[in-house]
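**Student:** Got a structure for you, written out below as structure tokens; questions coming shortly.
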Amino acid sequence: MPQKHRPKSWTELKQTGNECFKTGQYGEATNLYSQAIKELEKSNKKNPEDLGILHSNRAASYLKEGNCGECVKDCNMSLELLPYNVKSLLRRAAAYEAVERYRQAYVDYKTALQIDCNIAAAHDGTNRMTKALTEADGPSWREKLPPIPTVPLSVREKLAQKATMSAAQPNPTPKQNGTRQTNKPAPNDKDMKKGLVLKEEGNALVKKGEHKKAIEKYSQSLKHDPTEITTYTNRALCYLSVKQYRDAVRDCDEALVIDSSNIKALYRRAQAHSQLKDIKSCEDDLNTLLQVEPKNSAALKMLQEVQRKK
């Protein structure tokens, strides 16, 4: 008798789903993750972590397909099984943001930052939500927020350690993890708020052309929140304006530790290297930038100018 075809195990289905996700076949990945979830639920070996990861992976596929409602449902399920899972928080935040539920998105981005303060995507998302909510609700927008859960220290330490060690697929957004080389402590909510206020004061001074005063504000801001990437890139811009090129390089270095593909940091460091006559470093930064954003016209133009000088 011919052997009956054995259904694929949930692990095989998950692996094939991951491969489809990586090649942009999001609909097929969703189907495979759904089959894997069914197989795992039928088996005697199901455990919360495996099931939570499958729901989180399927959420990533739904997000790529633009199905934000199903993405949120899967993230909710994943977070029930795996409380404070960073990938699920970021995917749910992105889905909320896409459907303009900015308050919920803000809460998820901030929760993720409590677990790992070096997630560039969470910093960028927090900044976008702050801007959107300020425009929608005015200066008192924080009063309308849902409560932000406090992640227990034991959970933060355990998850941060695990996140550093693992490189699980698929990633929700490009550049999500940046590089994890900083040992800066995560600021508390009060310090983050104070840092943001000082950064915005610095931004206002830049608009007036008062770059030296803006540098002071950004420096004060970084004392409260040394993990905010845009404060470094903004201060680097000011250092370029006052011809303190080595300081500009240092600030871009700090920004690139948090997110190794940050366009502004790469471009501004290239500008500083050019002024310091370090042509090779300038070219290296521009080439790295163009790998991330191949059609960046400012970088292409600057690279041509630098190469003419050689």
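The values are calculated or read from the model by the stated rules, or taken from the named source; none is laboratory data. In this text, all values refer to a predicted model and were calculated from it rather than measured experimentally. Using ideal geometry, Cβ is built from the backbone for each residue, glycine included, and neighbour counts are taken over all protein chains shown. For the accessible areas, the whole protein counts, side chains as well, though only heavy atoms, and no ligand, DNA or RNA atoms are used. Shrake-Rupley method; radii C 1.70, N 1.55, O 1.52, S 1.80 Å.
**Student:** Can you give the Kirkwood hydrodynamic radius of the chain from its Cα pairs, in Å with one decimal?
**Tutor:** Values: mean 1/r = 0.0469 Å⁻¹.
Hydrodynamic radius (Kirkwood, Cα pairs) of the chain is 21.3 Å.
**Student:** Short version: ³J(HN,Hα) in whole Hz for each residue of segment 92-102, in order, from phi by Karplus 6.51 cos²θ - 1.76 cosθ + 1.60 (θ = phi - 60°), x for Gly and Pro, what are they?
**Tutor:** 5, 4, 5, 5, 4, 4, 4, 9, 6, 8, 5
**Student:** Pop the C-beta distance of SER34 and VAL99 into the FRET formula with R0 = 30 Å and round what comes out to the nearest 0.05. It would help to have the intermediate numbers written out before the result.
**Tutor:** Working: r = 22 Å, r/R0 = 0.74.
The value I calculate is 0.85.
**Student:** Along the positive direction of the dipole of the chain (beta-carbon charges: Lys, Arg +1; Asp, Glu -1; about the Cα centre), which of LEU240, CYS75, LEU51 reaches farthest?
**Tutor:** Of the candidates, LEU240 comes out farthest on the positive side.
**Student:** Looking at the P(r) of segment 7-53, how many percent of alpha-carbon pairs lie beyond 16 Å?
**Tutor:** Value for segment 7-53: 32 percent of Cα pairs lie more than 16 Å apart.
**Student:** Moving to a separate point now. Per-residue accessible area for VAL197 at 1.4 Å probe radius, Å² rounded to 10?
**Tutor:** Roll a 1.4 Å probe over it and VAL197 shows about 70 Å².
**Student:** Okay, next question. At 1.4 Å probe size, with no ligands or nucleic acids counted, give the accessible surface of ARG92 in Å², nearest ten.
**Tutor:** 40
**Student:** Give a quick list of trypsin sites (Lys or Arg not before Pro) in segment 253-303 that DSSP marks as loop, anything other than H, G, I, E or B, with at most 11 other Cβ atoms within 10 Å. Walk me through the numbers on the way to the answer.
**Tutor:** Details: sites: LYS264, ARG268, ARG269, LYS277, LYS280, LYS295, LYS301; in loops: LYS277, LYS295.
Qualifying residues, ordered by number: LYS277, LYS295.
**Student:** Between GLU216 and GLU305, 0.36 nm times their residue separation minus their Cα-Cα distance comes to what? Each step should come with its number before you reach the end.
**Tutor:** Values: separation 89, 0.36 × 89 = 32.04 nm, distance 3.26 nm.
Full extension from GLU216 to GLU305 adds 28.8 nm.
**Student:** If you count only protein heavy atoms and use a 1.4 Å probe, how large is the accessible surface of GLU12, to the nearest 10 Å²?
**Tutor:** We get 80 Å² for GLU12.
**Student:** Write down the Kirkwood hydrodynamic radius of segment 26-80, to one decimal in angstroms, obtained as one divided by the mean of 1/r over all alpha carbon pairs.
**Tutor:** Values: mean 1/r = 0.0910 Å⁻¹.
Computed over Cα pairs of segment 26-80, the Kirkwood hydrodynamic radius comes out at 11.0 Å.
**Student:** Where nothing but the Cβ of Lys and Arg (+1) and of Asp and Glu (-1) is charged, how large is the charge dipole of the chain around its Cα centre, in debye to the nearest 20? Could you put the intermediate results ahead of the total?
**Tutor:** Details: 52 positive and 39 negative charges, 86 e Å.
Charge dipole of the chain: 420 debye, to the nearest 20.
**Student:** Output the pairs from LYS87/LYS193; LYS277/LYS301; LYS199/LYS295; LYS212/LYS243; LYS14/LYS38 with a Cα-Cα distance over 19 Å in this structure; if there are none, say none.
**Tutor:** Values: LYS87/LYS193 24 Å; LYS277/LYS301 17 Å; LYS199/LYS295 30 Å; LYS212/LYS243 11 Å; LYS14/LYS38 11 Å.
Beyond 19 Å between Cα atoms: LYS87/LYS193; LYS199/LYS295.
**Student:** Further question: Work out how much length LYS223 to VAL155 would gain on full extension: take 0.36 nm times their residue separation and subtract the Cα-Cα distance, in nm to one decimal. Walk me through the intermediate numbers first.
**Tutor:** Working: separation 68, 0.36 × 68 = 24.48 nm, distance 2.58 nm.
Full extension of this stretch gives 21.9 nm more.
**Student:** Report the percentage of all Cα-Cα pairs in segment 211-310 whose separation exceeds 24 Å, rounded to a whole percent. Walk me through the numbers before you get to the answer.
**Tutor:** Numbers: 953 of 4950 pairs.
The calculated P(r) of segment 211-310 puts 19 percent of pairs beyond 24 Å.
**Student:** For the full complex of protein chains and a 1.4 angstrom probe, list MET77, MET192 by accessible area with the highest value first. Spell out each step's value before the answer.
**Tutor:** Details: MET77 80, MET192 30 Å².
Solvent-accessible surface, decreasing: MET77, MET192.
**Student:** Could I ask something else about it? Based solely on its DSSP helices, what 222 nm [θ] is calculated for the chain when runs of n ≥ 4 H residues each add -39,500 (n - 2.57) and the sum is averaged over all residues, nearest 500 deg cm²/dmol?
**Tutor:** Details: 15 runs with 220 residues, N = 310.
Calculated from helices alone, the mean residue ellipticity at 222 nm is -23000 deg cm²/dmol.
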